[in-house]
Amino acid sequence: MSQLKNKGYAIYDYMDALNYKGIEEDYKALLEYFEYLPVDDYAPELNRYRRYSRALVLPASKNIEWLPNVVRDGREYAAYFQGKFNPEHPGSYREFHAIDPHILENTLLKKIIMADYEETFWGEEDMIMPIHVGVHFVKLEVDEEGERAVSSPDCLHQDGEPFTFAHLIERRNAEGGINAIGVPSVSGRQPEEVDEDKLHEVFELNRPLESYGVEDSSVSHYVGPITKGGGEGPAVRSVILIDYQLTVVADMDE
């Protein structure tokens, strides 16, 4: 049984696990793309930058099909809905700047999506429909001493999607940014407010493509804010977040 299925979370090293010819060049293309992420329009004061796109994985063929975006004032956006699970944006749709097409075709990104997908587990009846995939590019960046860059939500939480994975792209001159995995009942709290026996593990992602995944119903999870370290230049923590959920079929009896 996989660690993800057995424990509700798992930690990975995808730079080692994937390790195909050309991975360094594909990683460099992703790293450079993160330099130019637009500010998160929903939290411009929190030093957070992001893009988002949506796809389908077809279980039979294992193909990835990217979904169309919406166009606002000549720019492409992808819609995101997290229901009640994000206490900072409960019950609201958000539209994020879409990821550019040439990055969606990046071989490393597609291999990460499929490697994560292979870690997920579903009922046999679920596999006749496409699996929905959300791909977030999120960068926390701090330029000034005394400032913080904050993830959303800034507490232990569950996402609402059955599976979520996080993949570090870059960590540079940053303090903080710890990850914590807890029991579901501590959602909404800070790790330091929680008894140690309610936290499964506290760790940091430091190397490129260090990653973790969670099975949402089994655990809560958290990433802390970052602040500027003692080196030159800004503090940066860049991550690809990928979530997976079922196609929902309407109940015709309702």
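The values are calculated or read from the model by the stated rules, or taken from the named source; none is laboratory data. Computed from a predicted structure; not experimentally measured. Backbone-built Cβ (ideal geometry, glycine too); neighbour counts: all protein chains shown. With ligands, DNA and RNA removed, areas are computed over all heavy atoms of the protein, side chains included. Shrake-Rupley method; radii C 1.70, N 1.55, O 1.52, S 1.80 Å.
Here are some notes:
- Taking the chain as a Gaussian network of alpha-carbon nodes connected by springs under 10 Å, the highest mean-square fluctuation of the residues R50, R75, R237 belongs to R75.
- Residue among R51, R207, R171 with the largest mean-square fluctuation in a Gaussian network model of the chain, springs linking Cα atoms under 10 Å: R207
- Relative contact order, percent, the chain [alpha-carbon distance under 8 Å, six or more residues apart]: 26 percent
- Take the chain with all the other protein chains still there, run a 1.4 Å probe, and you get 49 Å² of accessible area per residue.
- J(HN,Hα) series, the range 123-133, from Karplus relation 6.51 cos²θ - 1.76 cosθ + 1.60, nearest Hz, glycine and proline x: x, 4, 5, 6, 7, 7, 10, x, 9, 7, 10
- Annotation: extensible slack from R189 through E105 equals 26.4 nm (criterion: 0.36 nm per residue apart, minus Cα-Cα distance).
- Extension gain for L56 to D126 (0.36 nm times residue separation, less C-alpha to C-alpha distance): 23.8 nm.
- Sequence-distant contacts, meaning Cα pairs under 8 Å at least 6 residues apart, place the relative contact order of the range 12-151 at 32 percent.
- Cα-based Lys proximity count in the chain, under 19 Å, for pairs eight or more positions apart or on separate chains: 10
- Label separation (K198 vs Y36): 4.5 nm, computed from points 7 Å beyond Cα along the C-beta direction.
- Accessible surface of the chain [probe 1.4 Å, protein heavy atoms]: carbon and sulfur percent: 48 percent
- Between the residues G8, I113, S218, the greatest Cα displacement towards the positive end of the dipole of the chain, with unit charges on the Cβ of Lys, Arg, Asp and Glu, is found for I113.
- Cα centroid separation - the range 1-39 against the range 211-249, whole Å: 12 Å
- GNM on the chain, alpha-carbon springs under 10 angstrom: the most fluctuating residue among N19, N173, N69 is N19.
- Basic side chains Lys and Arg get +1 at the Cβ, acidic Asp and Glu get -1 at the Cβ, and with that the dipole of the chain about its Cα centre reaches some 380 debye.
- When the chain is described by a simple charge dipole with +1 on each Lys and Arg Cβ and -1 on each Asp and Glu Cβ, the residue from I64, N47, G176 located farthest towards its positive end is I64.
- Dipole check for the range 105-254: with +1 at the C-beta of Lys and Arg, -1 at the C-beta of Asp and Glu, and the Cα centre as origin, the magnitude is about 700 Debye.
- Distance (nanometres) between label positions extended 7 Å along Cα→Cβ at N19 and E65: 3.5 nm
- Structure-based [θ]222 nm, the chain - -39500 (n - 2.57) summed over DSSP H runs of at least 4, per residue, nearest 500: -4000 deg cm²/dmol
- Listed values [x] 16.9, 47; [y] 17.8, 62; [z] 19.3, 62, entry calculated as Rg and Dmax of the Cα atoms in Å: [y]
- Positive end of the dipole of the chain (Cβ unit charges, origin at the Cα centre): among G123, G231, T164, the Cα lying farthest that way belongs to G231.
- Taking only the Cα atoms of the range 112-156, the ratio Rg/Rh comes out at 1.20, with Rh defined as the Kirkwood radius.
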